[in-house]
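Have a look at the structure below before the remarks.
The values are calculated or read from the model by the stated rules, or taken from the named source; none is laboratory data. Computed from a prediction, not measured in an experiment: that's the story for all the values here. Neighbour counts are summed over all protein chains in view; Cβ atoms, including those assigned to glycine, are modelled from backbone coordinates with ideal geometry. These area figures cover heavy atoms from the full protein model, side chains too; ligands, DNA and RNA do not enter into them. Shrake-Rupley method; radii C 1.70, N 1.55, O 1.52, S 1.80 Å.
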Amino acid sequence: MKVSKLLAPTMKEDPQEAEIISHKLMMRTGMLRRLAAGVYNYLPLGLRVIKKVENIIREEMDAIGGQEILMPALTPKELWEESGRWQVMGDNMFRLKDRWGREMGLGMTHEEIVTDIARKEVRSYRELPVMLYQIQTKFRDEPRPRGGIMRGREFIMKDAYSFHHNTESLDETYRECFQAYWRIFARCGMATEAVEADPGPIGGTDNHEFMVIADAGEDTIFLCSGCGYGANREMAYFMDPSGELPARPETSKKEKIHTPNVSTIDKLVEFLGVEAEKFIKALVYMADGKPIMALVRGDRELNEVKLRRALKVKSLEMATAEQILSFTGGDLGFSGPIGMEGKAVYADTEVRYMVDAVCGANEKDMHFKDVNPDTDFNVTGYIQIRDAADGDICPKCGKMMDVKRSVELGHIFKLGRKYSDSMKATFDDEDGKEKTFIMGCYGIGVTRIVAAAIEARHDKDGIIWPISIAPFECVVMPVISGDDKQRETAEKIYDELRKRGVDVAYDDRDHRPGFKFKDADLIGYPVRVVVGKDLDNGKLEMKLRHEKEKRMINVDTAVDEIMAVINELRAKDFELADKFEGCPC
RNA sequence: CGAGGUGUAGCGCAGUUUGGCUAGCGCGUCUGCUUUGGGAGCAGAAGGUCGGUGGUUCAAAUCCACUCACCUCGACCA
């Protein structure tokens, strides 16, 4: 490709619309342009990278027996109604009507569609297991798109679905997929952490998120350096406090205090001049329609996933002011455990260790101080219902966990029969009985990989692509394009590299060398070959983007030497992929 | 949806507080000449319904009202 003909409008300055590094660099390199909020045009350089990522995914998915298909983005309402997700997806789904008024949705994920394929086309256990995948545009009407391509409303995703006749088969495919995922991300230049996560509206049991550590990430994960335990914030459990409970006063020394309009922890901290950790925060929820109170220390966050799991309920919603009034007898903002005997009150394990705490009095503008658990109140149960925080201890091995920001690149689930049951997707098993499929599903954010790779590999001058996904593997340029000898030599090398299967760009533009160097660094060609004045001594210059030093090579052997370096770089991408250490389940 | 912010040339910005005459600057673009190892110099040129609508005024980028788009933080998130 001649750079003079390439639509790659590079910019010297950061665009105002971009905040995170990958977004800025994609704009500056001319890979990406915004069309609407969370919706982007991919210009040639951007698409080249995407295609390379897609092909790596194809290779690894095919290697574990995946079969590529293509399902439509435009999907009929009826299928989503069978699983109940027409409702569950809510405002996140883009919806439209055709000219006859039939309702359709733009696909956010394709469990329903693929399950429909399976129930129509797969009849016997002899055809199982089968794994189908597609690389396709997904639509999600995000409340707040951000980070450029990092969280868009339209994005490319690889989604795979597997069908099995028993759980052993599902487990096996899950493990294979786990390894394939590690390899895919590694080949794109990123080492990932697999963490346990909440399955969310997709449903199912076991699931892992593949996270790459990055400051620009939106997720918080907890990792144990000791045993490898890792979990998303929603699912991060930790070691409960043990040891002796603090001594309790024989008789209550609690005292009611007047706190006019002081209804939040922040206001209480200011009003009473006491730290947030001295307060007992009481939250009232409707759990499957029944009111319950949950208590956590004032400086902690309640974890709704943990609470929902502990209570074994499906729905959990914050109670309204009226519901709080009828449950506690007091106003919103002044709830507490005292006087709640016989009602459902669950406290975080940490609350039991609190001494002389402050809590709401279930009465407008009133709190209690010097409150002590056991002496002043009892609860239905002490369970772990708060978010993990910095300094918490690994539940498996007792070492301190690290807190990291990260980007979710992939998520794999063991779905079980959730969709096959609701959609009556059956096959004939070996015992002659009709059974519903056991399913797994496996997603990768293709466009997000591109953003994450840039976040992981860049410097002040631009992107430092791994050769596997670079828009071009190599660029060749004459220093002075007006110099016939330089130009002819550069062209010859360009042609020869192309013949040998290198994805090479030829910067034939009539610009000053400094300009072309800056552009090359920005775009991040892994290998740069410069034909300049050393040509008179039979020498060229080769420089790798990730190295500081230039190498001088002989004109006569230049192509062989360049090929050797490129092949070395290509092989390197597999080194990390081959370091896979095994699936935890 | 809550809170804050931005919209002026392809990009980055000034001008808006305190209304005023032909709306500016840098980068980029086009022409010509000179240059050529880290985003060149000189000379010339093109490019704007100042996000939109309505209002106030002799006069609006500037003041008022409404509206749209986008960004950041939060809520949300296969």
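When you look at A:Gly65, is it open to solvent by less than 10 Å² (accessible area, probe 1.4 Å), away from RNA strand B (no atom under 13 Å from the Cβ) and of a type in the set (Gly, Ala, Ser), yes or no?
no
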Qualifying residue in segment A:288-311 (condition: loosely packed, with under 15 Cβ neighbours inside 10 Å, in a strand (DSSP E or B) and assigned by TED's automatic domain parsing to the domain that holds A:Ala347): yes
Residue check for A:Arg352: basic (Lys, Arg) and at pLDDT below 90: no
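Residues checked against (1) in contact with a Cys (Cβ under 9 Å, 6 or more places away or on another chain); (2) within 22 Å of A:Thr426 (Cβ to Cβ); (3) within 16 Å of RNA strand B (Cβ to nearest atom):
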| site | (1), (2), (3) |
| --- | --- |
| A:Phe94 | no, no, yes |
| A:Glu121 | no, yes, no |
| A:Glu127 | no, yes, no |
| A:Met150 | no, no, yes |
| A:Lys158 | no, no, yes |
| A:Tyr161 | yes, yes, yes |
| A:Asn166 | no, yes, no |
| A:Leu170 | no, yes, no |
| A:Glu176 | yes, no, no |
Any hit, segment A:426-443, residues being hydrophobic (A, V, I, L, M, F, W, C) and closer than 21 Å to A:Ile184 by Cα: yes
Subset of segment A:20-29 that is within 16 Å of A:Asn41 (Cβ to Cβ), near RNA strand B (Cβ under 10 Å from one of its atoms) and not hydroxyl-bearing (Ser, Thr, Tyr) - its residue that is farthest from the chain's Cα centre (by Cα): A:Arg28
Residues of segment A:544-566 satisfying the condition of being over 14 Å from A:Glu473 (Cβ atoms), free of Cβ contacts under 8 Å to residues at least 24 places away in the same chain and outside any strand (DSSP E or B): A:Glu547, A:Lys548, A:Glu549, A:Asp556, A:Thr557, A:Asp560, A:Glu561
Filter pass, A:Ile149 being touching a helix residue (DSSP H, G or I) at 6+ places or on another chain (Cβ under 7 Å) and either surrounded by 24 or more Cβ atoms within 10 Å (Cβ to Cβ) or at pLDDT below 95 (or both): yes
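From the list A:Glu59, A:Glu13, A:Glu17, A:Glu54, pick out the single residue that is of a type in the set (Asp, Glu), out of contact with any Lys or Arg (no Cβ under 7 Å at 6 or more places or on another chain) and within 13 Å of RNA strand B (Cβ to nearest atom).
A:Glu13
So that you can scan it fast, the table gives a plain yes or no per residue for (1) away from RNA strand B (no atom under 11 Å from the Cβ); (2) surrounded by fewer than 13 Cβ atoms within 10 Å (Cβ to Cβ):
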{"site": "A:Leu497", "(1), (2)": "yes, no"}
{"site": "A:Tyr506", "(1), (2)": "yes, no"}
{"site": "A:Arg509", "(1), (2)": "no, no"}
{"site": "A:Val529", "(1), (2)": "no, no"}
{"site": "A:Thr557", "(1), (2)": "yes, yes"}
{"site": "A:Ala564", "(1), (2)": "yes, yes"}
{"site": "A:Leu576", "(1), (2)": "yes, no"}
{"site": "A:Lys579", "(1), (2)": "yes, yes"}
{"site": "A:Pro584", "(1), (2)": "yes, no"}
Any hit, segment A:401-421, residues being assigned to a loop (DSSP other than H, G, I, E, B) and open to solvent by less than 50 Å² (accessible area, probe 1.4 Å): no
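Results for (1) in the same structural domain as A:Asp376 (by TED's automatic domain parsing); (2) small (Gly, Ala, Ser); (3) open to solvent by 60 Å² or more (accessible area, probe 1.4 Å), shown as yes or no for each residue.
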site	(1), (2), (3)
A:Met211	no, no, no
A:Ala214	no, yes, no
A:Glu244	no, no, yes
A:Pro249	no, no, no
A:Val262	yes, no, no
A:Leu268	yes, no, no
A:Leu272	yes, no, no
Members of segment A:422-457 found to be assigned to a helix (DSSP H, G or I) and open to solvent by 10 Å² or more (accessible area, probe 1.4 Å), listed by number: A:Ser422, A:Arg448, A:Glu455, A:Ala456
Condition check for A:Met366: surrounded by 17 or more Cβ atoms within 10 Å (Cβ to Cβ) and touching a helix residue (DSSP H, G or I) at 6+ places or on another chain (Cβ under 9 Å): no
Lone qualifier among A:Asp331, A:Asp365 - being among the acidic types (Asp, Glu), in contact with a strand residue (DSSP E or B) (Cβ under 7 Å, 6 or more places away or on another chain), under 25 Å from A:Glu275 (Cα atoms) and assigned by TED's automatic domain parsing to the domain that holds A:Glu277: A:Asp365
